[in-house]
Each structure stands twice: as C-alpha cells, then as structure tokens.
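Quick one: structure below, then a few questions.
The values are calculated or read from the model by the stated rules, or taken from the named source; none is laboratory data. Fair warning: this is a prediction, and the values are worked out from it, not measured in the lab. As a convention, Cβ positions derive from the backbone with ideal geometry for all residues, glycine included, and neighbour counts pool all protein chains shown. Please note that ligands, DNA and RNA were not included when accessible areas were found on the heavy atoms of the full protein model with its side chains. Shrake-Rupley method; radii C 1.70, N 1.55, O 1.52, S 1.80 Å.
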Amino acid sequence: MLDLIDSLEKNGLAELASASSSDSLEAWRLAYLAGSGKLKTAMAGFKDVPKEQKPAVGARMNQVKAALEQAFEARKLAIASSGAVPQPFDVTEPGFVSSQSVGRAHIITRVIAELCEVFGRMGFEVAEGPELEDDEHNFIKLNIPAGHPARDPADNFYVDDPRTTAVPRMIRSQTSTVQVRVMEAAVKAGGGRLAHPIKIISPGRVYRPDTVDATHSFMFHQIEGLYLDRDVSMVDLKTTLLQFARAYFGEDAEVRLRPSYFPFTEPSAELDMKIRLRPDQPARWIELGGCGMVDPAVLQHCGIDPEEWTGFAFGFGIERIAMGRYSIPDIRLLFENDLRFLKQV
Ligand code: DAH
C-alpha cells in the first residue's frame, strides 16, 4: 500500500509539472483529485490495510493528498499569471483583433512636458516650489501688501487664520511664489547678492475658491516664467512669448499683448491668443495669463539690486493652453477623468 501511495505521488507531481494550459490542468485534476480520481481510489483501499499498519499508511496518505492539492494550486497560479502559455489555434479561423488598452499620461501632464520642452529649447530651466505656501511668498514679497483685495480670505485657501497669524500659511493661489523662492535661493547661493542670470519656468498647481464653470476651476495649473539678466527689456518678453506661441501652436499662431496691471510687474500686460475651441465656432481671443517687467520693489524684497538686474516674468494657465492646443471646449473635461474623453486627447 505504501508503494502504491509513493508512486501515486511521484507520477502525480510529474504529470502536473507537464500540464501547461488550463485545459490540461483540469484534466489532471479530474484524474487525480476529483471524486473518482486516483487519490480517492487509493484511499478506498485503506479499509483492507492491516490494523497495525493503519496509522502509518493513514498519515502518509494524508501527506500525499496535501502535497498534490498544494502543487495543484501552485500550478494553477503559475499558469494563470504566466498568461503566455502558447495555445494551439486554428489558422483557418477568421482573424480577430484583441484590443489591449495601453495607459498613458494625463493630457495636462503631457502638456506640461511639452511646455517644458519648448521653453527648455529657449534656455529656461525648470524650477519647483511648494504648494503649501505662506503669504510672504504668495503676497508680501510680490508687492501685494496687507489690505490688498487679492488677499481677501474669501478669494484664497488659507490654512491659518490670516487675522491672527503673523505669516499665515495657504495653498498657493499663483505660481509666482516660485519666482520669489528662486530669487531668494540664488541670492543666498551668491553670498548675499545675485551672481548670475536667472532663467526659469515653473509649472504647478494653484488653488482659488472659484466657482467651477467651462473656463474656471478651484484647482488648476499655471506655468510661471522668470528671466533676470542685465538689460532685459520688454522686447525680449514679447519676442519670447511670440516664439513660444509659434513653436507650440504653429507658425500662424495669433497672439496679442494687452496693457494690464499686476502688483509685481511694471509695465504689465495680458497675453491673449486667438483660439478655436470648437470646430463649429469661429476662433476668438482667449486670455492665457499675465506678464510684464519685474517690478524693482520685488527684486529688492528678494535682495537683488534693480540697478544691476532687470527682467521679465509671466504666468499662464496651463488648462487654457491645453484647451487651445487640443481644442478642448470645457475645462471640466480635464478633471472628470472620464476615459471616453481621456482616450481622445
Ligand atoms: N500670477 C498672476 C496670476 O495668477 C499671473 C502673472 C501675471 C504672473 C504677471 C506673472 C506676471 O509672472 O508677470 O494671475
């Protein structure tokens, strides 16, 4: 009886090892483990085993049963996860296409990478700053002093109470915070003065308690730019923006600068671009964001001598850029994560 059990184990394991598909695995299960399988048949012989041998034979039998069952489960798992077990197929069957969906980065992530690439070619390096900021970087050093309407708690996501905290924290409302951080770091690295030009862009999330509609969201992305050097002028700003627009939107991109006001630039302008959001509608001017020559007061707040350095800055909405580039008519489509939309862009 013990010999019979031994050979059952040996043959069972060997045959199992050569089962390479779920069909052959099932055939093996029927042959060995099922109700009328070899294991049960062998167990039926147990009643004829002499009484004194019963404990040893019984124990061995249980051992082999457990071993076969365990090996079966392991084999099943291996076959299921390999997936690559070659299946014989009928070459005369009509062809079929098995659709495999391949994941990819979200459209905003891809647009950010494209923008970094385009500005990278113009010599801009990518800088990053924190989303949890304080009002010193979000406002004060950007020349937005206490009492300025932009600091209204109803228009910002404060983390601390701005009425009772000296430097209240907030989730940033603009990526202009990174301008300040980059300038501060450069001055620190230069031992108290700016030692070389700065040319950075900084893409990232910003937050404002805006009501959500087709062109607004409480969270969106901006790309900030800052170029400080000796004798940078408004002409450099205009040229850079025009070059960017042509490189990213095409040679016939139409952009215009409109005079505007920002506390941290003087003069300031807004960049509009002629964009067709729907194929059935005419192109219209859409505001991409603001720009201007960095206000000398901002440079001074960061320890930079405005007599030696001048520069321009800009901050554009990335969703607006993406909507223009890929004709997306509604900003909400970008955040709903509906695969039917995401697969198209
Ligand atoms: N931070 C501004 C905003 O959120 C945009 C902006 C305007 C950024 C002018 C700039 C700038 O760097 O120079 O509306």
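Just to be sure before I move on: is Thr109 hydroxyl-bearing (Ser, Thr, Tyr), modelled with pLDDT of 95 or more and either crowded, with 18+ Cβ neighbours inside 10 Å or within 13 Å of the ligand (Cβ to nearest atom) (or both) in the structure I sent?
Working: hydroxyl-bearing (Ser, Thr, Tyr): yes; modelled with pLDDT of 95 or more: yes; either crowded, with 18+ Cβ neighbours inside 10 Å or within 13 Å of the ligand (Cβ to nearest atom) (or both): no.
No.
Does Glu52 fit the bill of being assigned by TED's automatic domain parsing to the domain that holds Glu15 and surrounded by 13 or more Cβ atoms within 10 Å (Cβ to Cβ)?
Values: assigned by TED's automatic domain parsing to the domain that holds Glu15: yes; surrounded by 13 or more Cβ atoms within 10 Å (Cβ to Cβ): no.
No.
If you don't mind, another one. Give me a count of the residues in the range 208-228 that are open to solvent by less than 40 Å² (accessible area, probe 1.4 Å) and either in a helix (DSSP H, G or I) or within 16 Å of the ligand (Cβ to nearest atom) (or both). Quick ask: steps written out before the conclusion?
If we filter the range 208-228 for residues that are open to solvent by less than 40 Å² (accessible area, probe 1.4 Å), which is where we start, we get 214, 217, 219-226, 228.
In the following step, the residues that additionally are either in a helix (DSSP H, G or I) or within 16 Å of the ligand (Cβ to nearest atom) (or both) were identified as 217, 219-226, 228.
Looking only at that region, the number is 10.
Conditions (1) assigned to a loop (DSSP other than H, G, I, E, B); (2) within 22 Å of Glu114 (Cα to Cα), marked per residue:
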position: Glu136; (1), (2): no, no
position: Ile144; (1), (2): yes, no
position: Val187; (1), (2): no, no
position: Ser202; (1), (2): no, yes
position: Thr239; (1), (2): no, yes
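Could you give me the residue pairs with C-beta distances under 7 Å whose first residue belongs to the range 193-215 and is closer than 14 Å to Glu128 by Cα, whose second residue is outside any loop (DSSP other than H, G, I, E, B) and among the polar types (S, T, N, Q) wherever it lies, and which are 6+ apart or on separate chains?
Gly204/Gln222; Val206/Gln222
Additional query: Looking at the range 311-326 only, could you name the residues that are open to solvent by 50 Å² or more (accessible area, probe 1.4 Å) and over 19 Å from Val212 (Cα atoms)? Spell out the reasoning first.
The initial filter retains those residues of the range 311-326 that are open to solvent by 50 Å² or more (accessible area, probe 1.4 Å), namely 320, 325-326.
Matches in the range 311-326: Arg325, Tyr326.
What number of residues in the range 6-19 are part of a helix (DSSP H, G or I) and either hydroxyl-bearing (Ser, Thr, Tyr) or outside the structural domain of Asn62 (by TED's automatic domain parsing) (or both)? Explain how you work it out, then say what you get.
Looking only at the range 6-19, we keep the residues that are part of a helix (DSSP H, G or I), and these are 6-17.
Next cut, either hydroxyl-bearing (Ser, Thr, Tyr) or outside the structural domain of Asn62 (by TED's automatic domain parsing) (or both) only: 7.
Residues that pass the stated criteria total 1.
Give me a count of the residues in the range 130-143 that are farther than 18 Å from Asp160 by Cα and open to solvent by less than 10 Å² (accessible area, probe 1.4 Å). Steps first, answer last, please.
At the first step, the residues of the range 130-143 found to be farther than 18 Å from Asp160 by Cα are 141-143.
Subset that is open to solvent by less than 10 Å² (accessible area, probe 1.4 Å): 142.
Matching residues across the range 130-143 total 1.
Just the residues that are part of a helix (DSSP H, G or I) and crowded, with 16+ Cβ neighbours inside 10 Å, please, taken from the range 246-258. Write out each step before concluding.
Pass one, the range 246-258, residues part of a helix (DSSP H, G or I): 246-249.
Passing the criteria: Ala247, Tyr248, Phe249.
Could I ask something else about it? Are any residues in the range 191-207 away from the ligand (no atom under 13 Å from the Cβ), more than 18 Å from Val298 (Cα to Cα) and basic (Lys, Arg), and if so, which ones?
none
Separate question: Being under 22 Å from Gly120 (Cβ atoms), open to solvent by 60 Å² or more (accessible area, probe 1.4 Å) and assigned by TED's automatic domain parsing to the domain that holds Pro329: is that true of Gln243 here? Please lay out each step first, then the result.
Numbers: under 22 Å from Gly120 (Cβ atoms): yes; open to solvent by 60 Å² or more (accessible area, probe 1.4 Å): yes; assigned by TED's automatic domain parsing to the domain that holds Pro329: yes.
When the stated conditions are applied, Gln243 passes them.
Further, regarding this structure: Identify, by number, the condition in (1) surrounded by fewer than 19 Cβ atoms within 10 Å (Cβ to Cβ); (2) assigned by TED's automatic domain parsing to the domain that holds Pro263; (3) part of a helix (DSSP H, G or I) that Asp160 doesn't meet.
(3)
Taking Lys188 as meeting all but one of (1) within 28 Å of Arg110 (Cβ to Cβ); (2) open to solvent by 70 Å² or more (accessible area, probe 1.4 Å); (3) more than 14 Å from the ligand (Cβ to nearest atom), write down the number of the exception.
It is condition (1) that Lys188 fails.
Taking the range 259-304, which residues are more than 29 Å from the chain's Cα centre (by Cα), buried (at least 17 other Cβ atoms within 10 Å of the Cβ), more than 10 Å from the ligand (Cβ to nearest atom) and not in a helix (DSSP H, G or I)?
Answer for the range 259-304, where residues must be more than 29 Å from the chain's Cα centre (by Cα), buried (at least 17 other Cβ atoms within 10 Å of the Cβ), more than 10 Å from the ligand (Cβ to nearest atom) and not in a helix (DSSP H, G or I): Cys302, Ile304.
Mind checking which pairs have a first residue in the range 173-185 that is within 10 Å of the ligand (Cβ to nearest atom) and a second that is assigned to a loop (DSSP other than H, G, I, E, B) and at pLDDT 95 or above, Cβ under 6 Å, 6 or more apart or different chains?
Taking only residues 6 or more apart or on different chains, the pairs are Ser173/Asn156; Ser173/Arg208; Thr177/Gly129; Val178/Ala127; Val178/Gly129.
Could I ask something else about it? Restrict the check to the range 316-338 and report whether at least one residue is over 20 Å from Pro203 (Cα atoms) and assigned to a strand (DSSP E or B).
No - not one qualifying residue is present in the range 316-338.
Among the listed residues Arg230, Arg258, identify the single one that is without any contact (Cβ under 8 Å) to a residue 60 or more places away in the chain and among the charged types (D, E, K, R). Full working, then the answer.
On the way: Arg230 fails: without any contact (Cβ under 8 Å) to a residue 60 or more places away in the chain.
So the residue among Arg230, Arg258 that is without any contact (Cβ under 8 Å) to a residue 60 or more places away in the chain and among the charged types (D, E, K, R) is Arg258.
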